[in-house]
1. Given the criteria touching a Ser or Thr at 6+ places or on another chain (Cβ under 8 Å) and outside any helix (DSSP H, G or I), does B:ASN294 qualify?
2. Within region A:16-31, which residues are open to solvent by less than 50 Å² (accessible area, probe 1.4 Å) and in contact with an Asp or Glu (Cβ under 7 Å, 6 or more places away or on another chain)?
3. Scan region A:108-136 for residues that are at the interface with another protein chain (Cβ under 9 Å from one of its Cβ atoms) and open to solvent by 60 Å² or more (accessible area, probe 1.4 Å) and jot them down.
4. Given region A:1-83, what strands (runs of 3 or more DSSP E) lie entirely inside it while holding 3 or more residues that are over 24 Å from A:SER108 (Cα atoms) and acidic (Asp, Glu)?
5. Tell me yes or no: at least one residue of region A:83-90 is open to solvent by 40 Å² or more (accessible area, probe 1.4 Å) and more than 9 Å from every other protein chain (Cβ to nearest Cβ).
6. Quick check: anything in region B:331-338 within 14 Å of another protein chain (Cβ to nearest Cβ) and on the phi < 0 side of the Ramachandran plot?
7. Can you tell me which residue within region A:177-201, out of those that are without any contact (Cβ under 8 Å) to a residue 60 or more places away in the chain and more than 18 Å from A:VAL146 (Cβ to Cβ), is surrounded by the most Cβ atoms within 10 Å (Cβ to Cβ)?
Amino acid sequence: MLTTEKLTYWYTSADQSLFKDVDLEFSAGHSYAIVGQSGSGKTTMVSLLAGLDKPRGGKIKFNGADIAGIGLSNYRKNDVAIVFQAYNLFTYMSALENLMSAMAITESKHKGDKAFAKQMLAKLGLSEEQMTKNVQKLSGGQQQRVAIARTMVCDAPLVVADEPTGNLDEENTDAVINLFQEIARDLGKCVIIVTHEPDVANRCDAVIRLAHKQFTWEKTIAEN
Amino acid sequence: MNFVKRAWLNLRFKKGRTALLILVTSAIMLFVLAGLLIKSAATTATQQAKDSVGATLTLSANREAAFKKMRSSTSTTSGKPTMPKLTTSPVKLSTAKKIAALSGVSSYSATVSTSANAKGFDAIETSSSSSGFGGKMPGGSTSSGDITVSGVTSTASNSNFSNDTYTITSGRGLKASDADTKNVVIETNLAKSNSLKVGSTIKLKATTGSKSTYTLKVVGIYKAKSSATASMGPGQSDPANTVFTGTTFANTLKGSKYAGTADSVTFNVSTPSKVASVKAQAKKLINTSKYSINSDDASYQMVKASMKSVTGFANKIVWLVVIAGTIILALIVILMIRERRYEIGVLLSLGESRMKIIAQFFVELLVVLVIGVGVAGVGGKFVGDKLAQQIVSTQTTTTSTTNQMGGMPGGSGNAQGGAPSGQMGNRANAMATQKQKQTKLSTQVTPQAILLLIAVGLVIIFIAILVGAGGILRLQPKKVLIG
């Protein structure tokens with residue numbers, strides 16, 4: 001589904017590249033964890049995979065097509081859903097309105113389907129009252145669930161999450177990881193999670209470690 | 001849900017910020033509308049001034065021609081030196097009536113000036129008037145009486161009364177029906193010093209002709225706004241000695257040959273634009289070597305100039321508020337965009353187009369604008385009227401000062417039947433000032449004004465959004481959302 005071909009990135013100069021000539025492949029229906037130390041370039045990789053930044057060299061291909069050719073905006077709209085550590089919900093909306101808004105922007109096949117949005121939120125454990133409350137009045141775990149629900153109501157086959165459990169307690173972390181696994185297995189989406197938590201990484205189908213500018217497979221799909 | 005719904009949700013959620021935006025936008029719209037209304041009212045007032053202020057034509061003896069004739073007769077006389085004699089012809093009222101019948105002339109008033117001696121009562125004496133006053137009266141009559149008699153068609157049509165220099169304090173003024181009567185209106189100081197009241201009678205003795213004595217009935221007492229004694233020239237009678245009578249009686253005092261005449265006749269032309277054509281028609285009815293007819297649309301011109309100034313001021317208000325409003329709103333939009341970088345970042349991460357994000361901000365301001373226009377529509381008339389009142393008041397003061405300075409050389413010459421130009425200039429200035437005092441700009445909130453306001457508002461928010469949009473177009477979602 002998603003491949004990187006000789007992916008290279010640097011901030012100031014090519015001599016000081018963050019990573020160089022990276023070739024990775026991600027398949028639908030699986031969850032992947034990218035782990036590594038702080039400052040190793042995990043977040044940069046997730047921003048490239050999410051289409052929030054352009055690589056300095058190489059290509060990122062989605063279903064065989066270069067995402068630069070698709071257009072990063074179109075790619076973000078149709079092919080990828082992003083979950084952030086800080087949730088990044090629309091703070092002036094309720095949970096339900098956040099989902100409805102995302103469905104409208106991404107032109108989801110469920111666009112305008114309030115019942116579907118409610119169903120998703122209910123599935124993630126939000127009560128009817130919580131659904132219509134302003135998101136700022138929800139707990140961190142509930143807000144992250146709303147953010148995950150947002151990826152579920154959109155049709156994007158790829159979900160990229162940047163430290164999605166960074167602000168959550170153990171219980172909520174467990175619940176969120178379960179959700180990502182469900183998204184991968186039940187909805188057939190490809191989930192890529194950037195994390196520094198070994199527990200979170202171990203529960204993913206595959207683990208890629210970024211160290212010394214190199215990506216190495218710590219656990220592969222085949223090993224499962 | 002689209003960007004319109006998002007805009008609405010945002011406005012509804014951030015009530016404080018929305019209220020502040022509405023307040024600022026309403027203030028901007030209020031002043032823009034006030035400016036537009038004043039401008040429109042000034043234009044209407046100028047248009048109305050054409051119809052209401054009117055203009056005047058004054059028919060009087062052609063003194064220029066008379067002087068010319070006098071000079072030529074002096075130069076051609078050889079031998080013994082002779083005293084030059086200025087001969088002017090009084091205006092025939094029959095001619096005046098023909099001119100009054102012309103289309104465009106709404107009314108006319110005649111003025112006859114002469115003097116008589118008080119009999120049975122005392123004229124007010126001042127040190128400067130001890131020697132009385134002499135000189136040639138218009139029409140060549142010699143007069144040396146201590147009472148100045150001003151024959152008028154009506155006191156209301158006399159400039160001193162119409163510009164409130166003189167006001168009736170007791171009884172009534174003279175009307176057209178008093179033309180052939182021996183009713184008189186006297187000054188309050190003259191009345192007090194002789195214990196005269198309304199209903200009393202006074203006697204005047206003619207200084208020329210049969211020198212008959214006439215008994216007149218006091219029907220009104222007037223008071224001069226300020227004592228004119230201070231401004232009296234040497235040889236002039238105290239203004240308190242001026243009495244107003246009908247033109248027929250004033251002519252009787254001057255002599256039988258003056259029957260059916262006047263020193264000057266002023267015609268009111270209802271539409272200033274017709275002055276030139278009425279003047280041309282009137283000229284055909286008079287002997288121009290003996291009489292002159294002068295037009296005066298100073299009142300209209302002054303109101304027009306005043307309104308032009310008001311319009312200019314209103315234009316400046318509109319432009320200043322539009323520029324200031326655009327800058328203020330642009331700054332607010334820039335701050336709003338900075339404050340909402342995360343929201344914009346999330347929208348971009350979801351794949352929303354930058355144009356739709358800009359459109360969302362535009363819709364938010366549009367909603368605010370609609371409310372602002374509504375508030376302006378309600379309060380626009382009030383602010384417009386207050387501002388207009390202030391502007392017109394300033395304009396009237398400025399113009400009046402200019403008039404006083406410009407009017408000085410003309411002099412009064414009222415009692416003495418002075419040069420028509422001086423009298424006319426003064427009268428016109430007085431009328432113009434009077435009309436200006438009456439000119440109240442009444443602003444009206446019309447649908448056209450609201451539409452224009454909306455258009456101006458749209459331009460303001462469009463420019464403000466355009467300036468602020470730079471922040472949206474440059475924003476990199478990665479920088480906002482990750483790291």
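1. Here the answer is yes, as B:ASN294 does meet what is asked.
2. Correct list: A:SER31 only.
3. If the condition is that a residue be at the interface with another protein chain (Cβ under 9 Å from one of its Cβ atoms) and open to solvent by 60 Å² or more (accessible area, probe 1.4 Å), then A:LYS111 is the only one that fits.
4. A:17-26
5. no
6. yes
7. If we take residues in region A:177-201 being without any contact (Cβ under 8 Å) to a residue 60 or more places away in the chain and more than 18 Å from A:VAL146 (Cβ to Cβ), then A:GLU197 is surrounded by the most Cβ atoms within 10 Å (Cβ to Cβ).
Residue-wise test of (1) closer than 26 Å to B:GLU352 by Cβ; (2) basic (Lys, Arg).
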{"residue": "A:ALA14", "(1), (2)": "no, no"}
{"residue": "A:VAL35", "(1), (2)": "no, no"}
{"residue": "A:GLY39", "(1), (2)": "no, no"}
{"residue": "A:LEU52", "(1), (2)": "yes, no"}
{"residue": "A:ASN63", "(1), (2)": "yes, no"}
{"residue": "A:ILE67", "(1), (2)": "yes, no"}
{"residue": "A:LYS77", "(1), (2)": "yes, yes"}
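The values are calculated or read from the model by the stated rules, or taken from the named source; none is laboratory data. Owing to the predicted nature of the structure, the values given are computational and were not obtained by experimental measurement. Glycine gets a Cβ as well: all are built from the backbone with ideal geometry, and neighbour counts include every protein chain shown. Only protein heavy atoms, including side chains, enter the accessible area calculation; ligands, DNA and RNA are left aside. Shrake-Rupley method; radii C 1.70, N 1.55, O 1.52, S 1.80 Å.
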